[in-house]
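Colleague: This is the structure, below, for whatever I ask next.
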Amino acid sequence: MRVAKAENYAQRIEQTSLAPMKKPSTAYYAFVLFLLAIIGWGLYAYITQLKFGLLMTGMRDYVSWGFYIFSFIFWVGASLCGALVSAILRLTHAHWRTPLTRIAELVTVASLINAGLMISVDVGRPDRLLFLFAYGRFQSPLVWDVIGLLTYLLGSFVYLYLPLIPDFALMRDRLKGPATALKLKIYTLLAVGWRGTPEQRQRLDKAISVLTVMIIPIGISMHTVTAFTLSMTLRPGWDTAILAPNFVIGALFSGATLLLVVMGVYRKFCHLEEYITPKHFRYVSYLGIVLLFSYLYFVVVEYLTIMFKLRLEEKELFTLLLIGPAAPWFWTFVATAFVLPAILMLYQRGPTIPRLMLAGVLVNIGMFIKRFVIVVPSLEVPLMPTGFHFFTYSPSWVEISIVTMGFAIFALILTLAAKVLPIMPFVEMIEENELAEHHQTKGDVGKER
Amino acid sequence: MNNKKKDLTRREFIKKSLGWAGLAGVLYLPVPQLLKLSDNTITGSGQTSKNPAAESQPGEKVRDWCMVIDLRKCDGCVSFDSPPQCTQTCINAHFTPGGQQWIEVYEAELPGGGSYFMPSPCNQCENAPCVNVCPVGATYHDEDGLVLIDHSRCIGCRMCMAACPYHRRFFNWGTPKLPPEAALAEYSPLYPVPAVKGTVIKCMFCGHLLRDGKLPFCVRGCPTKTLYMGDLNEDIATNGREVVVLSRFLRENNAYQLKAELGTQPRTWYIPGHGQESGRKSDDKRKLMKPVWGWGGYDDHPGIWPWGESNNSASGNSTAGHPTGEAHSK
């Protein structure tokens, strides 16, 4: 009985994984068109910005960083999802993460592409972006950021690709009938002659383990240097050493909760109900709870050490944040990133998956607002006796369109990926299932589960 | 067996050559480059092609410019019923785009009530936060201690604006509207005219005039002779009317630097006061007047919304929350 089921498991998972690649439905095309429309509008906005300069944004001389920069920080934060789920959990041999690794890595790659986009649209002279390489000064935190971003992006691409090789090979073998010649050629190329020999297997395992160990410090340093671009300045609220670890924990938090949302969406639309179960959501939410309280701790420590001393400029900042014009945003952040998700994740009432997905959505809204709360009010505090106390910043239509385009690109990458890649590492899952079966027959049940 | 051996040797070869190449790269490439780059930031010699300062010969006398602002004399030009003349002269001479006051006069409060006026140029910090964060070395110290910006290199990331603790850097958000004569100006980092769209701009102590032995525009424009231009190397300063021994002048008048506790080591000193030497009372209620830009702000753009061409640049600025300039008239 068990053996029969195992065979079924392998066939079923193969079917489920390969099914989306055959027949895109009308709804799928409609959704892609919708995303492309948003991206097109964003491009129009960007062309307007290129023509008239950053004058088209809501930024001005005092608040000189705005929507682009905090979206950039948000995307960098979301990208830590991959490092957390695929690397840390792989390293700790948490086998339940197997169906989630590819999703997490896709989220990472898509987020990093967006992060790069956001920082590129923010510069006043995009024609001179290559100066960063031609004249880059290693002493500048911004150059660390560029190096970190490119390294992490490259690492994540490779880390996404390596575990895909056996899957590509299987697709090369299985899709002979339904796939077009071009598709088959691409899969053959991407499979780099994978035959599943023990030697190949050993080399791939080795490469993956090396990358697993490497990707964690790369991911963490990426977010650290992002915090450094703020904390290396003398601004109130930024000028603190805790900003970097705070960013890292915040990023892990938003990454883990973003995974709850994305895996829920994939589960529904790719019919992965059998493989991504409420158990997976619960496990990720346990991570989420731990990270929520760690992040809460960091935020409290950060704010308390500043608020106790209350230097003049920082007093202005906190007046602004807690009771001033930025207060609605600050308290929305507290409610959506801490209070509501904590309730949703801790009180396990109601259906697990919608409850946890809602928590994930809320946290990410909260963390997006948090990035605004970090960046903008600090710039709004006057550093000179200007005689007026609050410079309003509100993003213009250009900024809103371009940031929305970022979200559309993110969704588009994930949508297209579902059509060309197996969304779960199914070869690995089949092997793990066989291994589990094997252990079960030997009466070694508890070890793997 | 033969096949395997061949495979191994190829592997070994690639491994070894990559290893040696990597090692050579690690040892050779970044180290001299790092040294060279850090050299650049201190001396500014990397800008040889564009920076006239770098053309100076090694034996030539190097200046160390600084400014002393005697607040006892500054009355904000309210008694002349005109905008602060330092700001206005600077604007007129450099065709600064609308809203940019490279030297800006703030009204600050005195401890016992009343107020004083504080002209604020770029502090030309010795440990300049803006120079430290610039990713491409577009902003740098020249030999005379000035913090300059190379507008043909600036990428417009505005990191320096976030880093400056004095709000003394401005961004050319759009194509600036300029009078026709601005087109005749010969650009150099010492005289950044005309302004370049998408780059950061600021006061540069009129380095172009200092090199010719002339005083900066703001010093020349100040009717109360508040501003002194000095040379730390020669220990001398002048406001165009009197010449003082710099060190004694600073020492005897309790000169202070703005936010000295930040360690930026500004090259601008203030002598405390509230315009008393120009006959201003500290409780004078007259407010600063707003300087005038004869050529307006930026080129027209379609306003802050995609529809409606009606918004000209001025209303576009104010609706988008442009604080510079407008606030002082209130």
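Colleague: Would you mind estimating how fast chain A diffuses translationally, via Stokes-Einstein at 25 °C and 0.890 mPa s with the Kirkwood radius over Cα pairs, in µm²/s?
Modeller: Reported coefficient: 105 µm²/s.
Colleague: Starting from the 7 Å offset along Cα-to-Cβ, what nm value, one decimal, do you get for the label separation of A:ILE365 and A:VAL210?
Modeller: So the two model labels end up 4.6 nm from each other.
Colleague: What percentages make up the Cα-Cα pair-distance distribution of the stretch A:1-141 when the bins are 10 Å wide from 0?
Modeller: Distribution as computed: 9, 22, 29, 21, 12, 5, 2, 0 percent.
Colleague: Could you work out the mean count of beta carbons from other protein chains within 10 Å of each residue's beta carbon in A:378-384?
Modeller: Counting other chains' Cβ atoms within 10 Å and averaging over A:378-384 gives 4.
Colleague: Residues with beta-carbon under 11 Å from that of A:ALA87, excluding A:ALA87: net charge, scoring Lys, Arg +1 and Asp, Glu -1?
Modeller: For residues surrounding A:ALA87, the net value is +1.
Colleague: Could you go through the stretch A:199-214 in sequence order and give the Karplus-derived ³J(HN,Hα) for each residue, using 6.51 cos²θ - 1.76 cosθ + 1.60 with θ = phi - 60°, rounded to whole Hz, and x for Gly and Pro?
Modeller: Taking θ as phi minus 60°, the curve returns 5, 4, 4, 5, 5, 4, 4, 4, 4, 5, 5, 4, 5, 4, 6, 6 Hz for the stretch A:199-214.
Colleague: Further, regarding this structure: Looking at the protein assembly as shown, send over the antiparallel percent of its DSSP beta bridges, to the nearest 5.
Modeller: For the protein assembly as shown, the DSSP antiparallel bridge percentage is about 85.
Colleague: Could I ask something else about it? For the protein assembly as shown, just the Cα set please: Rg and Dmax, both in angstrom.
Modeller: 30.5, 104
Colleague: Using 0.36 nm per residue of separation minus the Cα-Cα distance, give me the extension gain between B:GLU261 and B:LYS15 in nm, one decimal.
Modeller: Taking B:GLU261 through B:LYS15 to full extension adds about 83.2 nm, to one decimal.
Colleague: Now for a different question. Please work out the Cα convex hull volume for the stretch A:300-449 and give it in Å³ per residue.
Modeller: Dividing the Cα hull volume of the stretch A:300-449 by its residue count gives 199 Å³.
Colleague: Now for a different question. By how many degrees, 0 to 90 and rounded to 10, does the Cα axis of helix A:397-420 deviate from the longest principal axis of chain A?
Modeller: In chain A, helix A:397-420 runs at an angle near 10 degrees to the longest axis.
Colleague: Right, here's the next one. Among the listed pairs A:LYS51/A:LYS370; A:LYS279/A:LYS419; B:LYS214/B:LYS259; B:LYS202/B:LYS290; B:LYS197/B:LYS259; B:LYS73/B:LYS285, which are separated by more than 23 Å between their Cα atoms?
Modeller: Violating the 23 Å limit, Cα to Cα: A:LYS51/A:LYS370; A:LYS279/A:LYS419; B:LYS214/B:LYS259; B:LYS197/B:LYS259.
Colleague: If you don't mind, another one. How many Cβ atoms of partner chains, on average, are near each residue of A:47-58 if near means within 10 Å of its Cβ?
Modeller: Taking the mean over all residues of the peptide, I get 6.
Colleague: Would you kindly derive the ³J(HN,Hα) couplings of the stretch A:295-305 from the backbone phi angles with the Karplus curve 6.51 cos²θ - 1.76 cosθ + 1.60 (θ = phi - 60°), listing them in order in whole Hz, with x for Gly and Pro?
Modeller: Karplus-based 3J(HN,Hα) across the stretch A:295-305 equals 5, 4, 4, 5, 5, 5, 4, 4, 6, 5, 5 Hz.
Colleague: In what sequence do A:HIS280, A:HIS93, A:HIS223, B:HIS167 fall when counting other Cβ within 10 Å, fewest first?
Modeller: Ranking A:HIS280, A:HIS93, A:HIS223, B:HIS167 by Cβ neighbours within 10 Å, fewest first, gives A:HIS93, B:HIS167, A:HIS280, A:HIS223.
Colleague: Starting at 0 and stepping by 10 Å, how many percent of the alpha carbon pairs of the stretch A:207-314 end up in each bin?
Modeller: The percentages, shortest bin first, are 13, 31, 31, 17, 7, 1.
Colleague: Taking the Cβ-Cβ separation of A:ILE400 and A:VAL265 as r and a Förster radius of 30 Å, what is the calculated FRET efficiency to the nearest 0.05?
Modeller: The calculated FRET efficiency here is 0.80.
Colleague: Quick one: 3J(HN,Hα) in Hz for the stretch A:266-276, Karplus 6.51/-1.76/1.60 with θ = phi - 60°, rounded, Gly and Pro as x.
Modeller: Result, ordered by residue: 4, 4, 6, 8, 9, 6, 9, 4, 6, 9, 9 Hz.
Colleague: Which order do A:LEU130, A:LEU190 fall in if you start with the one that has the fewest other Cβ atoms within 10 Å?
Modeller: Going from least to most buried by this count: A:LEU130, A:LEU190.
Colleague: Now, a different point. Can you give the longest run of chain A that contains no chymotrypsin sites (Phe, Trp or Tyr not before Pro) sitting in a DSSP loop with at most 14 other Cβ atoms inside 10 Å?
Modeller: A:139-346
Colleague: Cα-based Rg (one decimal) and Dmax (whole number) for the stretch A:310-381, in Å?
Modeller: 14.9, 49
Colleague: What 222 nm value per residue comes from the helices of the protein assembly as shown, counting each DSSP H run with n ≥ 4 as -39,500 (n - 2.57) and dividing by all residues, nearest 500 deg cm²/dmol?
Modeller: The per-residue figure over the protein assembly as shown is -17000 deg cm²/dmol.
Colleague: Here's a follow-up. Please compute one quarter of the surface area of the Cα convex hull for the stretch A:344-388 and express it in square nanometres.
Modeller: Mean shadow area of the hull around the Cα atoms is 4.4 nm².
Colleague: Then there is this: Can you list residues from other chains, or at least 5 along the same chain, whose modelled amide H is less than 5 Å from the amide H of B:THR268?
Modeller: Long-range HN contacts for B:THR268: B:MET67.
Colleague: Based on the alpha-carbon gyration tensor of the stretch B:67-128 and its eigenvalue square roots a ≥ b ≥ c, which shape applies: rounded if a/c is under 1.5, prolate if not and a/b is larger than b/c, or oblate?
Modeller: Oblate, since a/c reaches 1.5 and b/c is not below a/b.
Colleague: Just to verify a number: FRET efficiency for A:THR92 and A:ALA30, C-beta to C-beta distance, R0 = 60 Å, to 0.05?
Modeller: Working from the Cβ atoms, E equals 0.90.
Colleague: Take every residue in peptide A:127-136, count the Cβ atoms of other chains within 10 Å of its Cβ, and give the average of those counts.
Modeller: Taking all residues of A:127-136 together, the mean is 5.
Colleague: A further question follows. Under the 0.36 nm per residue contour assumption, what length would be gained going from the current alpha-carbon distance of A:GLN202 and A:ALA134 to full extension?
Modeller: So the chain would gain 20.5 nm between A:GLN202 and A:ALA134.
Colleague: If you don't mind, there's one more thing I want to ask. Expressed in nm to one decimal, what extension gain is obtained for the pair A:ALA241 and A:PHE293 from 0.36 nm per residue of sequence separation less their Cα-Cα distance?
Modeller: The span from A:ALA241 to A:PHE293 would gain 16.7 nm if fully extended.
Colleague: Under 12 Å from a point 7 Å along the Cα-to-Cβ line of A:ILE186: which residues of the stretch A:402-438 have their amide N that close?
Modeller: A:416-422
Colleague: Can you give the FRET efficiency to the nearest 0.05 for B:GLU107 and B:GLU252, using r as the Cβ-Cβ distance and R₀ = 25 Å?
Modeller: Efficiency, rounded to the nearest 0.05: 0.40.
Values quoted throughout were computed directly from the atomic coordinates according to the rules given, and no laboratory measurement underlies them. Here the structure is a predicted model, which is why all the values come from computation and not from measurement. Heads up, the Cβs are rebuilt from the backbone with ideal geometry, glycines too, and the neighbour counts pull from every protein chain shown.
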